[in-house]
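These notes are about the structure you will find just below.
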Amino acid sequence: MERDVLYGLLSKQESFVCATGGGSVCQPDIMDWLNRAGKTVWLKTSFDTICERLKGDSTRPLAIQLNILELQHLYEVRQKFYEKAQEVVPEID
């Protein structure tokens, strides 16, 4: 579903900002496709800051369902996808 939305936006829009966040770019070809379609920027944030921001947020299913070790693992797995961004803004905490 996320892939279809991103493809639809990028095929119809000439210029816009799209904040994907989370796991949207963790599908095998999404970040490569976004890099070809425009400029990608990763606002790198520490795991501790992300956890602090998610406290009490009932709209983020994984943050509710996973324990801290599982969230840490998810954060580490997602890094390889985020690192494909064309520009990285370091630690914006």
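Give the range 29-60 a look and list any residue that's loosely packed, with under 11 Cβ neighbours inside 10 Å and assigned to a loop (DSSP other than H, G, I, E, B), or say none.
Asp29, Lys39, Lys55, Gly56, Asp57, Ser58, Thr59
Go through the range 61-89 and count every residue that is outside any helix (DSSP H, G or I) and over 15 Å from the mean Cα position of the chain (by Cα).
2
List pairs: first residue in the range 3-17 and over 15 Å from Trp33 (Cβ atoms), second residue surrounded by 10 or more Cβ atoms within 10 Å (Cβ to Cβ) anywhere in the structure, Cβ distance under 8 angstrom, at least six positions apart or on different chains.
Close Cβ pairs satisfying both conditions: Phe16/Leu9.
Name the residue that is most open to solvent (accessible area, probe 1.4 Å), counting only residues in the range 4-28 that are assigned to a helix (DSSP H, G or I) and among the β-branched types (Val, Ile, Thr).
Filtering first and then ranking leaves Val5.
Pairs please, first residue from the range 26-44 and free of Cβ contacts under 8 Å to residues at least 40 places away in the same chain, second anywhere and open to solvent by less than 40 Å² (accessible area, probe 1.4 Å) and in a loop (DSSP other than H, G, I, E, B), Cβ atoms under 7 Å, 6+ apart in sequence or on different chains.
If the second residue must be open to solvent by less than 40 Å² (accessible area, probe 1.4 Å) and in a loop (DSSP other than H, G, I, E, B), the pairs left are Leu34/Thr40.
The values are calculated or read from the model by the stated rules, or taken from the named source; none is laboratory data. Keep in mind it's a predicted model, so treat the numbers as computed, not measured. With ideal geometry, Cβ positions are generated from the backbone for all residues, glycine too; neighbour counts draw on all protein chains shown. Just the protein is used for accessible areas: all its heavy atoms, side chains included, with ligands, DNA and RNA removed. Shrake-Rupley method; radii C 1.70, N 1.55, O 1.52, S 1.80 Å.
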